[in-house]
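**Student:** First the structure, which I've put down as C-alpha cells, then a few questions once you've had a look.
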Amino acid sequence: MSSKIFTVKYVDFTLRLGYLPYFMSIPDSQSSVTVARITALRAELARHDVLYYLQANPEITDFQYDQLRRELNTLLGGLPGAVAAGGETPGDDRAEGFAKVQHRAPMLSLDNVYHPGEFAAFITRLQKLLPPGEPLDFVVEPKIDGLAVSLTYEHGRLTRAVTRGNGAVGDDITRNVGTIASLPSALEGDAPERIEIRGEIYMTNAEFLRINAEREAAGLPLYANPRNLAAGTVKLLNPAETAVRKLEIVLYGFGFCEPADAFASLSAFHAALVRWKLPAVEFFKKASGADAARDAIEQLDRLRRDFTYPTDGAVVKLDSLPAQALAGATSKFPHWAIAYKFAPEQAGTRLRAITLQVGRTGAITPVAELEPVELAGTTVSRATLHNADEIARKDIREGDFVVVEKAGEIIPQVVRVVAEKRDAGIAPFDFAARLTELGLDAVRPEGEVVWRLKTPTREQQIRRLAHFASKQCLDIENFGQAVAGALVEAGLANRPCDLYGVSKNQLLGLDKFADKSADNLLSALEASKRRELWRLIHALGIPNVGMQTAKDLARHFKVLDALAAAGYGDFRRRLVGKKGQELKDEESIVNGVGVVVAQSIITWFSDPEHRDLVEKLRTAGLNFSGEGMGSAAGALAGKTFVLTGTLSALGREEAREKIEAAGGRVSGSVSAKTDYVVAGEEAGSKLTKAVELGVPVLDEAGLLALLAGEGEGKGERREEAERRKPVQTELF
C-alpha cells in the first residue's frame with residue numbers, strides 16, 4: 001500500500017508556543033478530511049493559545065478549548081503515523097519587556113476532567129502507577145482562575161517573582177508583585193533556606209466590577225473577566241499603573257525547596273503557609289480515598305460562590321510527596337493531580353436585538369439584548385458579543401434562541417446559537433449594514449477587530465470635552481458633563497480646541513449661565529493654558545496613556561513636538577548581547593512605555609485630525625513645554641519617591657505635586673532603585689520592603705526638609721534602614 005506524506009507549516013507564534021512541524025504517513029484509504037481537520041485544529045488551538053496566554057483576551061471558554069484539544073488528540077491517536085507528541089503543547093505567557101528567569105523546578109499545568117466518569121478514570125490510572133495497597137490520601141482545594149506565579153524566598157525573604165511562562169522559563173514580575181498589599185516580603189518564623197512557592201495572582205470580583213464601572217462611565221470597552229484583567233495588569237510595564245488596580249494573590253504549592261526534605265506532605269506545607277502568614281486558600285480539605293475526594297469537590301462547589309476570587313473548579317492532589325514522586329509526570333501534567341472543572345451555569349433565551357455601543361474613543365461594541373433569564377442567581381437581559389468577527393464566527397442573528405453563560409462567572413456572554421430553534425427567514429447579521437442604518441460613519445483599521453467612528457457622536461464629543469477638562473487633565477474649574485453637553489448641543493465646541501474660542505456672549509446665551517458664571521469659566525479656560533505639559537498629554541486622550549505615563553512622557557521628551565515626532569525607536573530599544581549581537585528582547589527607553597503604549601502614541605499622532613487638534617491648541621496658546629514638571633536643577637531632581645500610609649499634614653496628592661514640582665518622580669512600588677519612601681501613619685508593606693532593601697525612609701517632616709533644600713532632616717530613618725538591610729544573595 002502506498003502512502004502520502006503531508007507537511008504542515010506553522011507561523012512563528014506556533015513555534016514560540018511549542019508547536020513543532022510534523023510529518024504524518026497516512027495510507028491512501030485514510031480520509032483526507034481527517035488530515036484537513038487536524039491541520040485546522042492545530043492552527044485554531046495555536047491562535048487561541050496566543051489570545052489566552054499572550055493577549056489575555058480569549059474568545060472561547062476553557063471547556064470549549066478542552067473539547068478542541070480532545071478532538072485533536074483523538075484524531076492523532078487514530079492515525080498510525082502520527083507523532084504522539086503532536087497533541088499536547090504547552091502554553092506560554094512570556095511577553096516582551098520582562099527579564100526571563102528559569103524555574104528551578106518546572107511549573108506544570110493540570111489536566112482537566114469535567115464529570116464523575118472522567119474523575120473515576122483518573123483514579124484508576126493513579127492506582128496503576130502506585131504500589132498495590134498504597135493509600136490514596138488527597139487534598140482538595142479551589143482552582144483559582146488567575147495567573148500562575150512562582151515566588152522565591154531565600155532565608156525567609158522574597159527575592160523573585162516569576163510567571164509560569166512555558167513551564168520552564170517565565171517572566172520576572174517582581175516589581176509588579178511588590179504592589180500586592182497582602183503579600184509579605186518576609187516569612188514569619190521558621191523557613192527553608194530557599195523555596196519556590198507557587199500560587200495564583202487574581203483580582204477580586206468587587207475590584208473587577210469597580211474598574212469596569214469606571215470604564216463604562218468613560219465610554220471605554222469593558223474587560224471580559226477578572227482573570228484576563230489580572231493577567232494583563234501583571235504584565236503592565238509601569239508598576240505604578242499596576243498598583244492602581246488592586247491585585248491579590250493566593251498560594252497553595254511549591255516547586256524547588258532546599259532542604260529537599262523540608263515537607264513530607266502538602267498538608268504539612270499548607271500548615272507552614274498559615275504559620276508564615278502567607279495568603280493561603282480558604283478551602284483546604286484532606287480526603288482519604290476517592291469517595292471522600294468527590295464529597296469535598298461537591299462541598300467546594302456549594303461554597304465557592306461566596307469566595308472573593310473567581311474559581312472554576314476543584315484541584316485534587318495526592319497529599320504525600322513520596323507518593324507524588326512515585327506517580328511521576330509527563331512533560332506537561334503531573335499524574336498525581338487533576339483539575340475537576342465545574343461546568344459553567346448556562347441558560348437559554350431569545351436574542352431580541354443586537355445594539356451597538358460607542359465608547360469615548362470611538363470604539364463600537366455590539367451588545368445582545370435578551371429576553372430576561374435567570375443565570376447564576378441574577379437576572380440577565382444583556383450580554384457581550386465582543387466584536388463583528390465573533391458574531392460572524394458564531395453566526396449569531398437577531399431573533400435566534402441562544403445559550404448564555406457568565407464568562408468567569410461575572411460577565412454574561414452568548415456561547416452559541418441553538419440552530420434547530422432558528423425561525424425560517426432570519427437573515428445573518430450584517431455589521432457594516434447596521435452601521436450605515438444607524439448613520440455611524442465607521443471604519444475598521446487594518447489589523448484590528450474593532451470598528452471605530454471616523455467622526456465622534458454627540459455623546460462621544462461630550463465625554464472628550466469632560467475628560468479634557470477633568471481634574472487629572474487640564475483641571476478646568478466649573479466645567480463638567482452638563483457644561484460640555486450644553487456647548488456641544490449649541491454647536492460651540494465639538495473638539496477641545498474649540499473651547500478656547502468661546503466668547504462670553506455665547507456663554508450667556510446658554511441655559512443657566514449668568515454674568516459671573518461665564519466670567520469664571522473663561523478665567524478657568526485661560527488658566528488651563530498654563531498647566532503642566534503632562535496634563536495636556538493626558539488630556540489628549542491617547543489610548544493606553546494614563547496620568548503617570550503622561551508624566552513620564554513629559555519628563556522624557558520635555559516638549560510636545562518631540563513626543564509627536566517620536567518613532568518606535570524613541571520609546572523602545574533592542575537589547576545587545578555580550579559580543580554585540582542583537583537580542584530579541586527589548587527594553588523601555590521611557591519609563592513605563594511598553595510595546596502597546598508606544599504603538600498607541602505613534603498611531604494617535606499620525607492621524608491628520610489629531611495633528612490638526614494639536615496645532616489648534618498651539619494657536620490657542622496652551623503650554624507645549626515641560627515647564628511646571630519640575631526643574632532639572634530642582635531640589636529633588638532625578639529622585640524617585642514612594643508614598644505609603646496616611647500623610648496627615650500634606651495628604652498624598654499634595655505630596656505628589658510638591659515632589660514633582662521639585663523635579664522628583666513618584667512611583668507606586670518600592671525597589672532597589674527607589675531613592676526615598678515617605679511613610680505616614682499606618683504605613684504597610686511598602687515600609688517593610690523599604691527597610692529590607694535599605695531604602696531611606698522619611699516622615700513628612702523629612703520630606704518637607706528635602707523640599708526646602710535642607711538635606712534629609714530629622715524625620716529620615718536611614719540608620720535603621722541600613723542596620724536592618726538584608727544580606728544580598730544571588731538567585732543562581
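The values are calculated or read from the model by the stated rules, or taken from the named source; none is laboratory data. Since the model is a prediction, treat every value here as computed from it, not as a measurement. When we count neighbours, we look across all protein chains shown, and the Cβ atoms used for this are built from the backbone with ideal geometry, even at glycine.
**Student:** For region 331-375, name all the residues that are hydroxyl-bearing (Ser, Thr, Tyr) and under 30 Å from Val545 (Cβ atoms).
**Tutor:** Restricting attention to region 331-375, the residues satisfying the condition of being hydroxyl-bearing (Ser, Thr, Tyr) are 331, 340, 349, 355, 361, 365.
Selection gives Thr355, Thr361, Thr365.
Conditions tested, residue by residue: (1) farther than 19 Å from Arg37 by Cα; (2) touching a strand residue (DSSP E or B) at 6+ places or on another chain (Cβ under 6 Å); (3) of a type in the set (Phe, Trp, Tyr); (4) modelled with pLDDT under 80.
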{"site": "Gln64", "(1), (2), (3), (4)": "no, no, no, yes"}
{"site": "Arg70", "(1), (2), (3), (4)": "no, no, no, yes"}
{"site": "Asn73", "(1), (2), (3), (4)": "no, no, no, yes"}
{"site": "Leu76", "(1), (2), (3), (4)": "no, no, no, yes"}
{"site": "Gly87", "(1), (2), (3), (4)": "no, no, no, yes"}
{"site": "Glu96", "(1), (2), (3), (4)": "yes, yes, no, yes"}
{"site": "Lys100", "(1), (2), (3), (4)": "yes, yes, no, no"}
{"site": "Leu110", "(1), (2), (3), (4)": "yes, yes, no, no"}
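**Student:** Quick check on this structure: which one of Ala272, Ala292, Ala327 is in contact with a helix residue (DSSP H, G or I) (Cβ under 8 Å, 6 or more places away or on another chain) and either over 30 Å from Ser667 (Cα atoms) or among the hydrophobic types (A, V, I, L, M, F, W, C) (or both)?
**Tutor:** None of the others qualify; the one that does is Ala327.
**Student:** Given the criteria of a type outside the set (Asp, Glu) and either buried (at least 16 other Cβ atoms within 10 Å of the Cβ) or at positive phi (or both), does Arg422 qualify?
**Tutor:** Considered against the rule, which asks whether it is of a type outside the set (Asp, Glu) and either buried (at least 16 other Cβ atoms within 10 Å of the Cβ) or at positive phi (or both), Arg422 comes out as no.
**Student:** List pairs: first in region 510-532 and in contact (Cβ under 8 Å) with a residue 60 or more places away in the chain and of a type outside the set (Ser, Thr, Tyr), second surrounded by fewer than 15 Cβ atoms within 10 Å (Cβ to Cβ) and not in a helix (DSSP H, G or I), Cβ under 6 Å, 6+ apart or cross-chain?
**Tutor:** Lys529/Gly621
**Student:** Continuing with this model, one more query. Of the numbered conditions (1) over 22 Å from His115 (Cα atoms); (2) of a type in the set (A, V, I, L, M); (3) at pLDDT below 95, Leu321 fails exactly one; give the number of that condition.
**Tutor:** With (1) over 22 Å from His115 (Cα atoms); (2) of a type in the set (A, V, I, L, M); (3) at pLDDT below 95 applied to Leu321, the lone miss is (3).
**Student:** Is there a residue being under 30 Å from Phe429 (Cβ atoms) and either surrounded by 19 or more Cβ atoms within 10 Å (Cβ to Cβ) or touching a Cys at 6+ places or on another chain (Cβ under 6 Å) (or both) anywhere in region 303-310?
**Tutor:** We begin by selecting, within region 303-310, every residue under 30 Å from Phe429 (Cβ atoms); these are none.
Checked region 303-310: no residue is under 30 Å from Phe429 (Cβ atoms) and either surrounded by 19 or more Cβ atoms within 10 Å (Cβ to Cβ) or touching a Cys at 6+ places or on another chain (Cβ under 6 Å) (or both).
**Student:** In region 537-574, what count of residues is obtained for those that are charged (D, E, K, R), free of Cβ contacts under 8 Å to residues at least 60 places away in the same chain and either in a helix (DSSP H, G or I) or closer than 22 Å to Val666 by Cβ (or both)?
**Tutor:** 1
**Student:** Within region 361-374, does at least one residue satisfy the condition of being at pLDDT 90 or above and either assigned to a loop (DSSP other than H, G, I, E, B) or of a type in the set (D, E, K, R) (or both)?
**Tutor:** Yes; the residues of region 361-374 include at least one that is at pLDDT 90 or above and either assigned to a loop (DSSP other than H, G, I, E, B) or of a type in the set (D, E, K, R) (or both).
**Student:** Can I ask one more? Determine whether Lys471 is surrounded by fewer than 17 Cβ atoms within 10 Å (Cβ to Cβ), at pLDDT 85 or above and within 17 Å of Leu540 (Cα to Cα).
**Tutor:** Details: surrounded by fewer than 17 Cβ atoms within 10 Å (Cβ to Cβ): yes; at pLDDT 85 or above: yes; within 17 Å of Leu540 (Cα to Cα): yes.
Against the criterion (surrounded by fewer than 17 Cβ atoms within 10 Å (Cβ to Cβ), at pLDDT 85 or above and within 17 Å of Leu540 (Cα to Cα)), Lys471 qualifies.
Conditions tested, residue by residue: (1) farther than 10 Å from Leu703 by Cβ; (2) surrounded by fewer than 19 Cβ atoms within 10 Å (Cβ to Cβ).
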site	(1), (2)
Leu643	no, no
Ala649	no, yes
Glu653	yes, yes
Ser667	yes, no
Ala672	yes, yes
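**Student:** Pairs needed: first member in region 389-400, under 16 Å from Thr349 (Cα atoms); second member anywhere, β-branched (Val, Ile, Thr) and surrounded by fewer than 16 Cβ atoms within 10 Å (Cβ to Cβ); C-beta distance under 6 Å; at least 6 residues apart or different chains.
**Tutor:** From region 389-400, the pairs are Arg397/Ile426; Gly399/Ile426.
**Student:** With the requirement that a residue be touching a residue at least 24 places away in the same chain (Cβ under 8 Å), more than 29 Å from the chain's Cα centre (by Cα) and more than 19 Å from Pro366 (Cβ to Cβ), what does region 432-471 give you?
**Tutor:** Arg458
**Student:** Moving to a separate point now. Considering only region 615-732, give the helices (runs of 4 or more DSSP H) lying wholly within it that have at least 1 residues that are modelled with pLDDT of 65 or more. Give the derivation first.
**Tutor:** On the way: elements: 652-661, 685-693, 700-707, 718-723.
So the answer is 652-661, 685-693, 700-707.
**Student:** Please verify whether region 144-151 includes one or more residues that are among the polar types (S, T, N, Q) and under 30 Å from Asp291 (Cα atoms). Steps first, please.
**Tutor:** First, pick out the residues of region 144-151 that are among the polar types (S, T, N, Q): 150.
Still in the list and also under 30 Å from Asp291 (Cα atoms): none.
No, region 144-151 contains no residue that is among the polar types (S, T, N, Q) and under 30 Å from Asp291 (Cα atoms).
**Student:** On to the next question. Give me a count of the residues in region 542-563 that are farther than 18 Å from Ala662 by Cα and crowded, with 20+ Cβ neighbours inside 10 Å.
**Tutor:** Total meeting the criteria: 5.
**Student:** Taking the options Ile144, Ile173, Ile123, name whichever one is more than 30 Å from Gln299 (Cβ to Cβ) and among the aliphatic types (A, V, I, L, M). Explain how you work it out, then say what you get.
**Tutor:** Working: Ile144 fails: more than 30 Å from Gln299 (Cβ to Cβ); Ile123 fails: more than 30 Å from Gln299 (Cβ to Cβ).
Residue meeting the stated conditions: Ile173.
**Student:** Here is a follow-up. State yes or no: is Leu209 at pLDDT below 90 and not in a helix (DSSP H, G or I)?
**Tutor:** Details: at pLDDT below 90: yes; not in a helix (DSSP H, G or I): no.
Taking the combined requirement at face value, the residue does not satisfy it.
**Student:** If you don't mind, another one. Name the pairs: first residue in region 292-312 and in contact (Cβ under 8 Å) with a residue 60 or more places away in the chain, second residue of a type in the set (Phe, Trp, Tyr), Cβ to Cβ under 6 Å, at least 6 apart or on different chains?
**Tutor:** Ala293/Phe138; Ile297/Tyr340; Leu300/Phe283; Tyr309/Tyr202
**Student:** Okay, next question. Just one of Gly501, Gly480 is surrounded by fewer than 16 Cβ atoms within 10 Å (Cβ to Cβ), touching a residue at least 12 places away in the same chain (Cβ under 8 Å) and closer than 21 Å to Phe624 by Cα; which is it?
**Tutor:** On the way: Gly480 fails: closer than 21 Å to Phe624 by Cα.
The unique qualifying residue is Gly501.
**Student:** Can I ask one more? Kindly evaluate Ala161 against the criterion of being without any contact (Cβ under 8 Å) to a residue 60 or more places away in the chain and surrounded by 17 or more Cβ atoms within 10 Å (Cβ to Cβ).
**Tutor:** Details: without any contact (Cβ under 8 Å) to a residue 60 or more places away in the chain: yes; surrounded by 17 or more Cβ atoms within 10 Å (Cβ to Cβ): yes.
So Ala161 fits the description; yes.
**Student:** Could you count how many residues in region 232-270 are surrounded by fewer than 18 Cβ atoms within 10 Å (Cβ to Cβ), closer than 15 Å to Gly592 by Cα and touching a strand residue (DSSP E or B) at 6+ places or on another chain (Cβ under 7 Å)?
**Tutor:** Qualifying residue count for the region: 0.
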